[in-house]
Amino acid sequence: MKKSLLLFASGMLVVSAYAQTPIKENVPFVGKITANWCPPCGGWGFKLYDDILVQHGDHATGLSMYSSTRTDNNNQKFQNQAAYDLAAQITLTGYPSFSVNLVDLSAQNQVGSGIDTHGIHVDVDSFYAAFMAQPVAASVGMTYRINGNTVEVKTKTKFWEAANGTYKVAVYLVEDGATAGQVTPSGTVTK
């Protein structure tokens, strides 16, 4: 059984980093699969995702994954293999699609051709609470150093209980505050 420990180095990089020791805490991954050409993604999708991150962001990692292969109207600006690989782990039911720990929550909240946003919120809360209540198997801490245009990252993993299987640590550097065109709201927005 393969298991992954995902560590996302997100937000703006600070010139100096402090040594971090792994903290015994479950940190759920809250994802949104999105696209520039998708009106709901930039409409109610932005608001729902912002609400979720305001509620859980202190103890969760959030990431919007632009995984559409469309290249018209500057849609390719946020396309990258890491987003495709992560999004491929989720059964995509449409755009936008929301998940916790790569479990799609949009499929079970479809109402006709739309999405029950309240249902998504309830499911995120439920999945989040269930994951946080589980025993912590492992945690990752990291340090980083910036030297010119090079970022050096060192990680430390701590297993809190006996574990079997294959574990992987991945570090993703994610740009925060990038801007691009979005169908709705129309014009240039911060992603």
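Computed from backbone phi, the HN-Hα couplings of the range 24-37 come to 6, 7, 6, 10, x, 9, 9, x, 9, 8, 9, 7, 5, 7 Hz, rounded to whole numbers (Karplus: 6.51 cos²θ - 1.76 cosθ + 1.60, θ = phi - 60°; Gly and Pro given as x). Computed over the chain with a Gaussian network model linking Cα atoms closer than 10 Å, the most mobile of 64, 126, 113 is 113.
Taking the longest Cα principal axis of the chain as reference, the axis of helix 117-133 is set at about 10 degrees.
Which chymotrypsin sites (Phe, Trp or Tyr not before Pro) from the range 97-175 combine a DSSP loop assignment with at most 16 other Cβ atoms within 10 Å?
Hits after loop and neighbour filter: 160.
Each helix, a run of at least 4 DSSP H residues, gives -39500 (n - 2.57); summed and divided by the residues of the chain, these come to -6500 deg cm²/dmol at 222 nm. Report, to the nearest 10°, how far helix 44-56 tilts away from the longest principal axis of the Cα atoms in the chain, using its own Cα long axis and a range of 0 to 90°. Taking the Cα atoms of the chain, the angle to 44-56 is about 30 degrees. Kindly identify the range 53-152 as rounded, prolate or oblate by the Cα gyration tensor criterion: order the square roots of the eigenvalues as a ≥ b ≥ c, call it rounded if a/c is under 1.5, otherwise compare a/b with b/c, prolate if a/b is larger, else oblate. Since a/c reaches 1.5 but b/c is at least a/b, the shape of the range 53-152 is classed as oblate. Three semi-axes describe the equivalent ellipsoid of the chain; taken as square roots of 5 times the Cα gyration tensor eigenvalues and ordered largest first, they are 28, 22, 14 Å.
Accessible surface area normalised per residue over the chain is 57 Å², counting heavy atoms of protein chains with a 1.4 Å rolling probe.
Each Cα pair under 8 Å and six or more residues apart adds its separation to the average, and for the range 99-156 the resulting relative contact order is 21 percent. For the range 90-133, the square roots of the Cα gyration tensor eigenvalues, ordered a ≥ b ≥ c, give a/c of at least 1.5 with a/b no greater than b/c, which places it in the oblate category.
Backbone amide hydrogens, once placed in the peptide plane, bring residue 180 within less than 5 Å of 189, 191, excluding anything fewer than 5 places away on its chain. Scalar couplings 3J(HN,Hα) for the range 59-64, obtained by applying the Karplus form with A = 6.51, B = -1.76, C = 1.60 to θ = phi - 60°, are 10, 8, 10, x, 8, 8 Hz; x denotes Gly and Pro. The phi torsions of the range 137-154, fed into the Karplus equation with coefficients 6.51, -1.76 and 1.60 and a -60° offset, translate into couplings of 7, 7, 9, 10, x, 8, 10, 9, 9, 9, 10, x, 9, 10, 10, 9, 10, 10 Hz, rounded to whole numbers, with Gly and Pro shown as x. Got a number for carbon plus sulfur as a percent of the chain's accessible area, 1.4 Å probe? Looking at the chain in its full context, I get 52 percent from C and S.
Annotation: the antiparallel percentage among DSSP beta bridges lying fully within the chain is about 60. Among the listed pairs 47/168; 47/77; 32/168; 24/156; 24/168, a Cα-Cα separation exceeding 24 Å is found for 47/168.
A dipole drawn for the range 123-191 from +1 and -1 charges on Cβ atoms has a positive end, and of 128, 187, 164 the residue lying farthest that way is 164. The value of relative contact order for the chain, using C-alpha pairs under 8 Å at least six residues apart, is 37 percent.
Here's how it looks for residue 66: its modeled amide H is under 5 Å from those of 34, which are all 5 or more places away or on a different chain.
What is the range 100-156 by shape, rounded, prolate or oblate, if you read a ≥ b ≥ c off the alpha carbon gyration tensor as root eigenvalues and call it rounded for a/c under 1.5, prolate for a/b larger than b/c, and oblate otherwise? Oblate, since a/c reaches 1.5 and b/c is not below a/b.
The values are calculated or read from the model by the stated rules, or taken from the named source; none is laboratory data. Fair warning: this is a prediction, and the values are worked out from it, not measured in the lab. Please note: Cβ atoms are built from the backbone with ideal geometry, for glycine as well, and neighbour counts cover all protein chains shown. When the accessible area is computed, the model is the full protein with side chains, heavy atoms only, and any ligands, DNA or RNA have been set aside. Shrake-Rupley method; radii C 1.70, N 1.55, O 1.52, S 1.80 Å.
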